[in-house]
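**Q** Have a look at this one.
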Amino acid sequence: MKRKIKGYKWAAGLLCALPVAAFSQQTEPLTGAERLFNDGKRLFLRHDYAAARQTLSQYVSEAETADFRDEADYMLACTAYELGMPDRIDVLKTYLSAHPETRYANRVYSLIASAYFFEGEYREAIAVFRQCEVEALPAEERDACLLRRATSFLKTEDWTAAAFDFSVLKEVSADYRDDAVYNLAYIDYMRGKYKPALEGFLRVGQNGSYAELAPYYIADIYLKTGDYVRAKKTAEAYLDRNAAQKYAVQMARIAGEAAFGMEDYASAVRWLDGYCRQTSSPERNALYKLGMSHFKTGVYSKAVECLGKVTGKEDLMAQNAYLHIGLAGLQLKERNQTRMAFERASSMNFDPAVREQALYNYALCIHETSYSPFAESVTVFERFLNEYPNSPYAEKVDNYLVEVYMNTRSYEAALRSIDKISSPGPRILEAKQKLLFRMGTQQFAQADFEGAANYFTRSLQQGQYNQQTKADAYYWRGESEYRMGQYASAANDFRLYMEFALDKRTAEYGLALYNMGYVYFKQKLYDKARIWFQRCVDGGLLENRSVLADSYNRIGDCYFYNRLFAEAEKQYGQAVKMDASLGDYSLFQEGFVKGLQRDYSGKIQTLNRLITDYPQSQYMDDALYEQGRAFVQMDDTENAIRRYKELLGHYPESALSRKAANEIGLLYYQNDRYDEAIAAYKKVISDYPGSEEARLAQRDLRAIYVDLNKVDDYLAFASALPGGGSFDVSERDSLTYVAAERVYLRGNVAEAKASFVRYLQSFPQGAFSTDASYYLGLIAYQHKDYREALTYLEQVLKYSGSKYYGEALAMSAAIAYEDKDYSKALGLYKLLADRSASEEERVQAQLGALRSSSALKDTKEIISAASALLAHSKLLPEIKNEALYCRAKAFVREGRTGEGIADLKVLSADTRNVYGAEAKYLVAQLYFNEGKTGEAEKEVLDYIEVSTPHAYWLARSFVLLSDVYMKLGKDMEAKQYLLSLQQNYQANDDIAQMIETRLAKLKSVE
């Protein structure tokens, strides 16, 4: 509170109303200049300073002698002071410079000091007063200057010098005694000497001049010294006299704080609330007491609001405010705000008791809400026990820590904590068993199957503290082993799961049966596989119709491979009924086995259902080809050719199209339609050079020409083909190649390579030159000699009909990707996807296309490749996640934010993997970018609840939440989240800078 010094509007002229030197009596007539001087002097003495200045200035300009120049200049300098001229200080200083020996020097210094004083330049005033002998001035002038000098010391907080001057003034001046007493009391007040200060204020408090000022300090001294009754009484009496008085607002504060001290919280609220409404910058202490009064009266929302405004500093008040914000939040059930308030209070060291209470409550909040984004659930309980081992809360905290181990999502932190315990009991070991199991599932979600299996093994090594956890560890270790192709180990673990599972009527038990079927199916042990798949469908445990449909398909496959076609047909039919989404495979297989049973009409009808119901099916080319074969079996040549031509038209790159093209020629040939047969065979030879089908076509073409006695025509055609058109395989050619291939298959790679090279040198256009080039390319590729590999693989790629064409494409695409020639890789992968015969190969090709287009940042290609991948009904979760992630980000870059968010939401359902972790953050960020702060806040708060092992993205979400709250004007909440993040996130990355930037911004607006 700045004090107001009373009584500065005295006549400044007192310092200038000085006896001007008497002039000798004039005996001679006055000159014009002398008359001007005398007139100016009379006006000056009458205090008519403006007229005096005008007259004296005229005198100075007209006087021919300097007889009265000193006196005239002095009076002119004084008029500049008295008239308040802007340059008065310079005029006074100029006078002193012009008249260094003047007898008026002391008085002029007092004028200069006084001028500085009235301009508020107190330090300059003090400096000039030090050159002035104030005591030498006449009494009235002395006292005025003494007051000004004392006040200047007061203004610059030189309490000692000010007190000395006011003490002197108190003794020598009757006029200024009350001023001196008041200001001496004020100095004592500022020095914390409340007893003498109170005596002084009481002495002058009844005086009219200080009736408005002194009561404020009297009341405040009572407040500061704990005399709350007198403080409140004084303040209320002051306000009763006139609520509009100068210190009315501050008196309301004092009354409120005094009421708080008297524990009259309702009265404190009334006074302090009124005070805060009347000032734009209420005192922090008053806000704190208002908040605490609201807390004491049970108005918790107001308590949080007021106490939040005093947390800008790091001190005891802030620590206690945070504690009570937390306690109020408990009543309001505002768990996030509550938790962070306790956290902040527990991080401060000003009051150990407050810190202990806050830390205990912080730990309980975390435990009760399962909040642990950065392992707080474990670390806070550990921290409490370390800091307060003798606390009355210690035993409870110890018990809570065991519960935390059992339920935490901060697995690594919990395991580190358990490992510190020298003799863990059974409950702790059970918690460790569960934690290791959960770490395994976390690694599994990230497709780290080897790491997952290791954790499951460690969990099993803990013993059987929890039988269900043990059973689950067997199950998921079996899943991990299955993904790694370790089928025998997987089968053993699935059996152990089924042995130890407590409830054998669960969906998970049904999946174990299903997985056992696949373990044997992958090993081609179809009889065993069928038994397990049958147990799966018969058990009635699975609600997932897709899994059941797949089980029926696999049972059908097992019958199929054992040539039990009627049984297989029934199972495929069941699969279609169970889940239509998998119906294309089921219908194809059903049609195929009908053909094997010579039900060609049924085969055609079934495949027609596939073609009609699943126009985008990957089995379309297979269906058309098999229909063609069925028509052949029915001797319906025209329909057979029609189907084959339809296949060629829609799927020219399919391997089945090569066969169909050859079949067309053969059908024409068998029906003596030689011209059409010749045309068909020539097309096979030209469209699929190097293929087995081309070799067969040329063989049949030669036979036709011979039958037609047109051998010359055949030779002319053949001679125009690459290599002279010879498709005859000499014995030496064949034997040389076969020998090299057998060496390779025995694993002698170096010898095989030399043999293949010799073969190509001997038979550069040999029947097996493409095959030899493939093997040489494969050998170089396996040895990472990609340059050499490409030289051979390019030879293979010249012949699209080669049986190794697809593998050559795959290796060439991989080399291009490795070389960062992403455009080339993309083209090759897309071609490979179009030509892939199996779904597995097609998935890998589409995945390569996705990664290549992502490297190119080609959003349209990314969306296309990802969408193609996601169209597969059975896709490994890790591939599905990658495809969704890439497509979502491409959608956003294309401005299709809604579609991007849809994909990201699918991903964010599982934040255990890195794609889901980032996706959850991105959804919130996109909402924020679109101005949807409510949705962004909800998404982040949900993220905090579900948590993730990928702490960076959760930390980014905390930063984003602070942005949300700043935008909403909730600066306190923004700051709390940032401080919580700063306290708990320790990684060395860009998060720290993000926090600092935002905290600085919040501080700038406090």
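The values are calculated or read from the model by the stated rules, or taken from the named source; none is laboratory data. This one's a predicted model, so the numbers in the text were calculated from it and none came from an experiment. Backbone-built Cβ (ideal geometry, glycine too); neighbour counts: all protein chains shown.
**Q** Kindly provide the set of residues from the stretch 938-952 that are surrounded by fewer than 21 Cβ atoms within 10 Å (Cβ to Cβ), without any contact (Cβ under 8 Å) to a residue 60 or more places away in the chain and farther than 20 Å from Asp990 by Cβ, ordered by number.
**A** Lys938, Asp942, Val946
**Q** Go through the stretch 352-380 residue by residue and tally those that are in a helix (DSSP H, G or I) and farther than 23 Å from Gln331 by Cα. Write out each step before concluding.
**A** Applying the first criterion (in a helix (DSSP H, G or I)) to the stretch 352-380 yields 352-369, 376-380.
Now drop any that are not farther than 23 Å from Gln331 by Cα, which leaves 352, 378-379.
Number of matching residues: 3.
**Q** So which residues in the stretch 906-921 are hydroxyl-bearing (Ser, Thr, Tyr) and under 13 Å from the mean Cα position of the chain (by Cα)?
**A** Correct list: Tyr921 only.
**Q** Would you check if Ala955 is over 11 Å from the mean Cα position of the chain (by Cα), buried (at least 19 other Cβ atoms within 10 Å of the Cβ), of a type in the set (A, V, I, L, M) and modelled with pLDDT of 90 or more?
**A** no
**Q** Here is a follow-up. Do we have Gly517 as buried (at least 19 other Cβ atoms within 10 Å of the Cβ), at pLDDT 90 or above and in a helix (DSSP H, G or I) here?
**A** Working: buried (at least 19 other Cβ atoms within 10 Å of the Cβ): yes; at pLDDT 90 or above: yes; in a helix (DSSP H, G or I): yes.
It is true that Gly517 is buried (at least 19 other Cβ atoms within 10 Å of the Cβ), at pLDDT 90 or above and in a helix (DSSP H, G or I).
**Q** A follow-up question, please. Counting just the residues of the stretch 719-741 that are of a type in the set (A, V, I, L, M) and modelled with pLDDT under 80, which one comes out farthest from Tyr799 (Cα to Cα)?
**A** Initially, the stretch 719-741 is screened for residues of a type in the set (A, V, I, L, M), giving 720-721, 729, 735, 738-740.
Then drop every residue that is not modelled with pLDDT under 80, which leaves 720-721, 729, 735.
Numbers: Ala720: 17, Leu721: 13, Val729: 18, Leu735: 22 Å.
So, considering only residues that are of a type in the set (A, V, I, L, M) and modelled with pLDDT under 80, the one farthest from Tyr799 (Cα to Cα) is Leu735.
**Q** Tell me, please, whether a residue that is more than 32 Å from the chain's Cα centre (by Cα) and not assigned by TED's automatic domain parsing to the domain that holds Asn466 can be found in the stretch 398-417.
**A** yes
**Q** Now, a different point. Would you check if Ala105 is at pLDDT below 95, among the hydrophobic types (A, V, I, L, M, F, W, C) and surrounded by 15 or more Cβ atoms within 10 Å (Cβ to Cβ)?
**A** Against the criterion (at pLDDT below 95, among the hydrophobic types (A, V, I, L, M, F, W, C) and surrounded by 15 or more Cβ atoms within 10 Å (Cβ to Cβ)), Ala105 qualifies.
**Q** For residues that are touching a residue at least 40 places away in the same chain (Cβ under 8 Å) and not in a helix (DSSP H, G or I), scanning just the stretch 622-655, find the one that is farthest from Tyr585 (Cα to Cα).
**A** My answer is Glu653.
**Q** For the stretch 81-102, enumerate the residues that are touching a residue at least 24 places away in the same chain (Cβ under 8 Å), of a type in the set (A, V, I, L, M), more than 14 Å from Val128 (Cβ to Cβ) and crowded, with 16+ Cβ neighbours inside 10 Å.
**A** Within the stretch 81-102, no residue meets the criteria.
**Q** Please go through the stretch 129-145 and give me each residue that is closer than 18 Å to Leu92 by Cα, part of a helix (DSSP H, G or I) and aliphatic (A, V, I, L, M), ordered by number.
**A** Listed by number, the list holds a single entry, Val134.
**Q** For the stretch 440-469, enumerate the residues that are of a type in the set (A, V, I, L, M) and over 23 Å from Lys880 (Cβ atoms). So that I can check it myself, show each step before the final result.
**A** Applying the first criterion (of a type in the set (A, V, I, L, M)) to the stretch 440-469 yields 445, 447, 452-453, 460.
Within the stretch 440-469, Leu460 is the sole residue that qualifies.
**Q** For residues that are surrounded by fewer than 21 Cβ atoms within 10 Å (Cβ to Cβ) and at pLDDT 90 or above, scanning just the stretch 798-814, find the one that is nearest to Lys784 (Cα to Cα).
**A** That would be Ala814.
Rundown of residues vs (1) surrounded by fewer than 24 Cβ atoms within 10 Å (Cβ to Cβ); (2) in the same structural domain as Lys522 (by TED's automatic domain parsing); (3) over 16 Å from Leu513 (Cβ atoms); (4) touching a Pro at 6+ places or on another chain (Cβ under 7 Å), yes/no style:
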position	(1), (2), (3), (4)
Tyr552	no, no, no, no
Asn562	yes, no, yes, no
Lys570	yes, no, yes, no
Val576	yes, no, yes, no
Ala580	yes, no, yes, no
Gly583	yes, no, yes, no
Ser586	no, no, yes, no
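**Q** Related question: Can you list the helices (runs of 4 or more DSSP H) found entirely within the stretch 399-502 that contain at least 1 residues being in contact (Cβ under 8 Å) with a residue 24 or more places away in the chain, among the polar types (S, T, N, Q) and more than 28 Å from Tyr514 (Cβ to Cβ)? Give the derivation first.
**A** Numbers: elements: 411-419, 426-445, 449-461, 467-483, 487-500.
Here the list reads 411-419.
**Q** Which one of these does Pro877 not meet: (1) surrounded by 16 or more Cβ atoms within 10 Å (Cβ to Cβ); (2) within 18 Å of Ser581 (Cβ to Cβ); (3) not charged (D, E, K, R)?
**A** Unmet for Pro877, out of (1) surrounded by 16 or more Cβ atoms within 10 Å (Cβ to Cβ); (2) within 18 Å of Ser581 (Cβ to Cβ); (3) not charged (D, E, K, R): (1).
Residues checked against (1) more than 30 Å from Asn361 (Cα to Cα); (2) buried (at least 16 other Cβ atoms within 10 Å of the Cβ):
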position	(1), (2)
Phe381	no, yes
Tyr388	no, yes
Tyr411	no, yes
Arg427	no, no
Ala431	no, yes
Arg438	no, yes
Gly478	yes, yes
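**Q** Follow-up question, since we're still on this one. Would you say Gln976 is closer than 15 Å to Ile901 by Cα and in contact with a helix residue (DSSP H, G or I) (Cβ under 9 Å, 6 or more places away or on another chain)?
**A** Numbers: closer than 15 Å to Ile901 by Cα: no; in contact with a helix residue (DSSP H, G or I) (Cβ under 9 Å, 6 or more places away or on another chain): yes.
So Gln976 fails the test.
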